[in-house]
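**Student:** What follows is a structure written as structure tokens; I'll ask about it next.
The values are calculated or read from the model by the stated rules, or taken from the named source; none is laboratory data. A quick note: this is a predicted structure, and the numbers were derived from the prediction, not measured. Every residue, glycine among them, receives a Cβ derived from its backbone with ideal geometry; neighbour counts consider all protein chains shown. Only protein heavy atoms, including side chains, enter the accessible area calculation; ligands, DNA and RNA are left aside. Shrake-Rupley method; radii C 1.70, N 1.55, O 1.52, S 1.80 Å.
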Amino acid sequence: MSFIDDDRPQKKTAHEIGTDLSMLSVDELKARVELLKSEIARLEADVARKASGRQAAESFFRS
């Protein structure tokens, strides 16, 4: 019996800021870069959504 189950779904690579990167492969580093890029895009989209809502509220109350 194998202790390693290759059929298990892979866990999404997580990244913690400041983590030692010396033991990671190039593919693991690239995966983390993509993860962080998608998180940055998600954050920027939320900033834009909130800024838009704030602008709409400010223009409503100025009228």
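**Student:** What are the pairs, 6+ residues apart or on separate chains, where a residue within region 1-25 that is under 17 Å from L35 (Cα atoms) and hydrophobic (A, V, I, L, M, F, W, C) has its Cβ under 8 Å from a residue that is at pLDDT 70 or above and open to solvent by 100 Å² or more (accessible area, probe 1.4 Å)?
**Tutor:** Short answer, once both residue conditions are applied: none.
**Student:** Just checking, does region 17-29 include any residue being surrounded by 10 or more Cβ atoms within 10 Å (Cβ to Cβ) and in a helix (DSSP H, G or I)?
**Tutor:** As a first pass, look at region 17-29 and keep what is surrounded by 10 or more Cβ atoms within 10 Å (Cβ to Cβ): 19, 21, 24, 28-29.
Retained after the next criterion (residues that are in a helix (DSSP H, G or I)): 28-29.
Yes, some residue in region 17-29 is surrounded by 10 or more Cβ atoms within 10 Å (Cβ to Cβ) and in a helix (DSSP H, G or I).
**Student:** Within the set of pairs 6+ apart or on separate chains, which have a first residue in region 35-63 that is modelled with pLDDT of 95 or more, a second that is open to solvent by less than 60 Å² (accessible area, probe 1.4 Å) and not hydrophobic (A, V, I, L, M, F, W, C), and C-beta atoms under 6 Å apart?
**Tutor:** So the pair list comes out empty.
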